[in-house]
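Take a look at the structure set out below.
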Amino acid sequence: MSGALQGVRILDLTINVSGPFATGILGDMGADVLKLEEPGPGDLARRYGPMRDGMAAPFAVMNRNKRAIALDLNAPGAKDLFFRLVKTVDVVIQNFRPGVMDRIGLGYEHCRAVKDDIIYVSLSGFGETGPLSADRVYDPVIQAVSGFMGVQADPVTGMPQPVRHIVCDKTAAMTATQGILAALFARERGNGGQHVKITMLDAGLAYLWSDAMSNHTYVGAPHLPEISTLLNVAKTLDGFITFIFVSDSEFQGMCRALNLPDLAKDPQYAGPVERMPKMKELSAFASEVIATLTTADIVARFAKEQVPCARINLREDLVNDPQIVHNKLIMEIDDPKLGKVRFPRPAIEFSKTPSSVRSMAPKVGQHTDEILREIGVSADELATLKSKGLFG
Amino acid sequence: MHGCLHGIRIVDMTANVSGPFGTAMLGDMGADVIKVEAPGNGDISRRYGMMRGGMAAAFAVINRNKRGVALDLQSAEGKEAFLKLVASADVVTQNFRPGVVDRLGVGYEACKAVKKDIIYISISGFGDSGPHAGDSVYDPVIQAVSGYMGVQTEPGTDKPMPVRTIVCDKIASMSVTQGVLGALFARERFGMGQHVKIAMLDASLAFLWPDAMSNHTYMGDAPRMPEMGIYHLPASKDGYFVGFVVTDEQFQGLCRAIERPDIANDPRFVETVSRQKNQKALNVIFAAEVAKYTTNEIVARFQREKVPAAKINNRVDILSDPQILHNGMIIETEHPDAGPMRTPRPPIIFGETPSSIRRHAPQVGAHTEEVLAEVGYSAGDIAAMRKKGVLG
């Protein structure tokens, strides 16, 4: 059996990360994703990050399993071709600025007119209306507004800090993936197509809220230390570890592992709720002992006492981490153009409908001819359209 | 019209965050989520962080739209009742340590025996096997191993830092949601259930990789680039803000916004790829100029020149941000036990099958009688089970 979305076809007009990362996951699940770009440089993300053979590494990872078609949507006759494509797909997804698709005549209603049960997905930064809806949006802007940078603030200086990866774009992408999958399911059950809207700000906040905003959830309740105070990073003799003790047994285990019997007996630290406001001092006691031990020693001690703990992997450690290697998590592909490339396999393991990586990210318009032939464009017609400059 | 998953029943044995946050998103989409807990204290996350009315705030947010059933799965009758529930369900989710559900007799095979096309979701920290499979796992452990803390290392200090929200648990849960939805779609179309496995480590690395590991994607001689996501947050006169340039047009806008026409044609900055290489030098110029303005002034300047920028919201600011309010992202409601509370609305807007919040997070076993009655238990049966302690 092939992937869960075998037979599903997606017309993807999105660029950068919020859309492409989502359709990348759906492509892993077996969907036939058609990446439609403007002829020329195409998706801006093709040029962000380390490049080889004209393609940036993050782009290569997020756009695997896709076929590319280049089409100048402003050229005469292009719209007709666009709608012929729409008729053959299940999902259209776009992340242009709010209003653009309607203005150029390619919005939900236009697509629905040619494909009654189309699932049309609109991704925006701030939403379709409202004070910031017209603003330019990239990940750090949403990190700033949705609270990620505020939550990440240095506990001592209070200075805001970014999360140092494209967390809000990718969270929006995960949310969009869910929206598309759920809409596909609902359509399969007879509910027809629909317009699905996802806003990066909304997705970021919904994702962040539960733990990070817990002091602002119960209105009027006195605030407690943030849940993130449970997170500990400590220096060892030869590196860094993280450890966390939540339950009583983990707390007792930590005291045994670090030889702190007095702490274990101290009534002010008895009970997880009681420990919560004292995390800082407890973590300071622990860190003092940890600083005198090697990483291997402390990790073994915590493991023996069943205290959650781990060595902190830096980027270059990841590919050699024994569990990551055991999970066969990182694929290595030898591509004729890109050379040796590595990236993680699809994370969800379906026993009957396995996800897979079937092809590498395409060049702008690499499959234009192939896709147009599939939708019934004849060789003559293709030649005529080409001469009109529709494909760049 | 109901949500996408109206008519779908999920029997949810998960605790903490990786499972419950995933099933909450499915509940928002209309699924009937039955949270099965051990009688007594139930899910450990009921008691973590801010509490009121016997329920932690984070728990209340990620367990909305669920019904609570308390069952002792170690007893024969408890197990029998559980399997009756499974027979009435579409999906079972569990995040016990690897091997535990099989030992208890509620694993995939046992559930499949009572419901042939069941979708069974197993969530683990590290995977089913491998050097760390038996380890205790909380979010920071996966943050350490999957690279989040390494990537978060503060530039200049080399000290790894945590992401200060339960990022890996929540990423895993988004993968869970996708796994459930993908499998539901495949069952609808192809007719079979399956066992779907998600490891927090795998899901986290797949999420982190595209941008954060971009220097490790192309192997061999690919030249390294400055890491993406090292967002520069310069100080204004009265705080911090984020301003961010991706396109060449935005760079020109930036030069106007900070009144530095002299660098508008500087070959170090004028083009995308060279600008990435010289980001540090640009940041120095940028920081010196923006320090002359207040946050409001500089953000307004950037917005006028169409350069992405925003002030950085802290937790309290979120509650009054005009765009967040405009989007209606924060719902104020009244929990029967915990009192007035705020919770984010479901972020995906479905045009035809709207998601909704229909119920508050339940206390342990709040709906035991109701749910058992639905699967055929009489009042007498239930009373007898309660007497024996099967229901707590």
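The values are calculated or read from the model by the stated rules, or taken from the named source; none is laboratory data. Everything numeric in this text was worked out from a predicted model, so none of it was measured. When we count neighbours, we look across all protein chains shown, and the Cβ atoms used for this are built from the backbone with ideal geometry, even at glycine. Keep in mind that these areas ignore ligands, DNA and RNA; they rest on the heavy atoms of the full protein, side chains included. Shrake-Rupley method; radii C 1.70, N 1.55, O 1.52, S 1.80 Å.
Points worth noting:
- Residue among B:Phe185, B:Phe207 that alone is within 20 Å of A:Ile312 (Cβ to Cβ) and open to solvent by less than 10 Å² (accessible area, probe 1.4 Å): B:Phe207
- Sole residue being aromatic (Phe, Trp, Tyr) and in contact with a Leu (Cβ under 6 Å, 6 or more places away or on another chain), chosen from B:Tyr218, B:Tyr231, B:Tyr240: B:Tyr240
- Hey, A:Leu314 within 11 Å of chain B (Cβ to nearest Cβ) and either aromatic (Phe, Trp, Tyr) or open to solvent by 10 Å² or more (accessible area, probe 1.4 Å) (or both) or not: yes
- Test: residue in region A:97-108 that is within 11 Å of chain B (Cβ to nearest Cβ), free of Cβ contacts under 8 Å to residues at least 24 places away in the same chain, farther than 20 Å from B:Leu319 by Cβ and open to solvent by 50 Å² or more (accessible area, probe 1.4 Å): no
- If you go through region A:47-57 and keep only what is open to solvent by 10 Å² or more (accessible area, probe 1.4 Å), facing chain B (nearest Cβ under 10 Å) and touching a residue at least 24 places away in the same chain (Cβ under 8 Å), you end up with A:Arg52, A:Asp53.
- Remark: B:Leu201 matches the filter, which requires a residue to be assigned by TED's automatic domain parsing to the domain that holds B:Gly107, over 16 Å from A:Asp28 (Cβ atoms), at pLDDT 95 or above and assigned to a helix (DSSP H, G or I).
- Filtered by the rule that a residue be open to solvent by less than 10 Å² (accessible area, probe 1.4 Å) and more than 7 Å from every other protein chain (Cβ to nearest Cβ), region B:210-235 gives a lone residue, B:Pro234.
- Residue match in region A:253-273 (condition: part of a loop (DSSP other than H, G, I, E, B), of a type outside the set (Phe, Trp, Tyr) and either within 30 Å of B:Val196 (Cβ to Cβ) or in the same structural domain as A:Ala379 (by TED's automatic domain parsing) (or both)): no
- Matching entry among B:Leu208, B:Leu181 (being part of a helix (DSSP H, G or I), under 27 Å from A:Thr236 (Cβ atoms) and either in contact with a helix residue (DSSP H, G or I) (Cβ under 9 Å, 6 or more places away or on another chain) or outside the structural domain of B:Ala113 (by TED's automatic domain parsing) (or both)): B:Leu208
- Residue tally, condition more than 7 Å from every other protein chain (Cβ to nearest Cβ) and touching a His at 6+ places or on another chain (Cβ under 8 Å), over region B:303-325: 1
- Region A:162-190, residues that are more than 7 Å from chain B (Cβ to nearest Cβ) and either outside any helix (DSSP H, G or I) or hydroxyl-bearing (Ser, Thr, Tyr) (or both): A:Thr171
- Within region B:326-338, the set of residues being closer than 18 Å to A:Gly127 by Cα and within 7 Å of chain A (Cβ to nearest Cβ) comprises B:His326, B:Asn327, B:Met329.
- Within region A:254-284, being surrounded by 14 or more Cβ atoms within 10 Å (Cβ to Cβ), basic (Lys, Arg) and within 14 Å of A:Pro225 (Cβ to Cβ) holds for A:Arg275, A:Lys278.
Listed here are the residues, each with its yes/no results for (1) modelled with pLDDT of 95 or more; (2) assigned to a helix (DSSP H, G or I).
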| position | (1), (2) |
| --- | --- |
| A:Met276 | no, yes |
| A:Ala284 | no, yes |
| A:Glu288 | yes, yes |
| A:Thr292 | yes, no |
| A:Ala296 | yes, yes |
| A:Arg301 | yes, yes |
| A:Ile333 | no, no |
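- Looking across B:Val242, B:Val273, B:Val196, one residue alone is within 7 Å of chain A (Cβ to nearest Cβ) and open to solvent by 10 Å² or more (accessible area, probe 1.4 Å). It is B:Val273.
- Long-range neighbours under 7 Å by Cβ, at least six apart or interchain, first residue among the hydrophobic types (A, V, I, L, M, F, W, C) within region B:365-392, second in a loop (DSSP other than H, G, I, E, B): B:Val375/B:Ser88; B:Met385/B:Leu391; B:Val390/B:Leu71; B:Val390/B:Asp72; B:Val390/B:Ser75; B:Leu391/B:Pro39; B:Leu391/B:Leu71; B:Leu391/B:Gly365
- Selection from region A:228-250 of residues that are surrounded by fewer than 20 Cβ atoms within 10 Å (Cβ to Cβ) and either closer than 17 Å to B:Val137 by Cβ or in contact with a helix residue (DSSP H, G or I) (Cβ under 6 Å, 6 or more places away or on another chain) (or both): A:Thr229, A:Asp238, A:Gly239, A:Ser247, A:Ser249
- Any hit, region A:163-170, residues being of a type in the set (A, V, I, L, M), open to solvent by less than 10 Å² (accessible area, probe 1.4 Å) and in the same structural domain as A:Asp28 (by TED's automatic domain parsing): yes
Rundown of residues vs (1) aliphatic (A, V, I, L, M); (2) over 22 Å from B:Leu181 (Cβ atoms); (3) within 12 Å of another protein chain (Cβ to nearest Cβ); (4) touching a Cys at 6+ places or on another chain (Cβ under 7 Å), yes/no style:
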site: A:Leu329; (1), (2), (3), (4): yes, yes, yes, no
site: A:Arg345; (1), (2), (3), (4): no, no, yes, no
site: A:Thr353; (1), (2), (3), (4): no, no, yes, no
site: A:Ser356; (1), (2), (3), (4): no, no, no, no
site: A:Lys386; (1), (2), (3), (4): no, yes, no, no
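- Test: residue in region B:310-321 that is open to solvent by 40 Å² or more (accessible area, probe 1.4 Å), in contact (Cβ under 8 Å) with a residue 24 or more places away in the chain and touching a helix residue (DSSP H, G or I) at 6+ places or on another chain (Cβ under 8 Å): yes
- Check on A:Thr242, hydroxyl-bearing (Ser, Thr, Tyr), within 14 Å of chain B (Cβ to nearest Cβ), within 26 Å of A:Val156 (Cα to Cα) and not in a helix (DSSP H, G or I): yes
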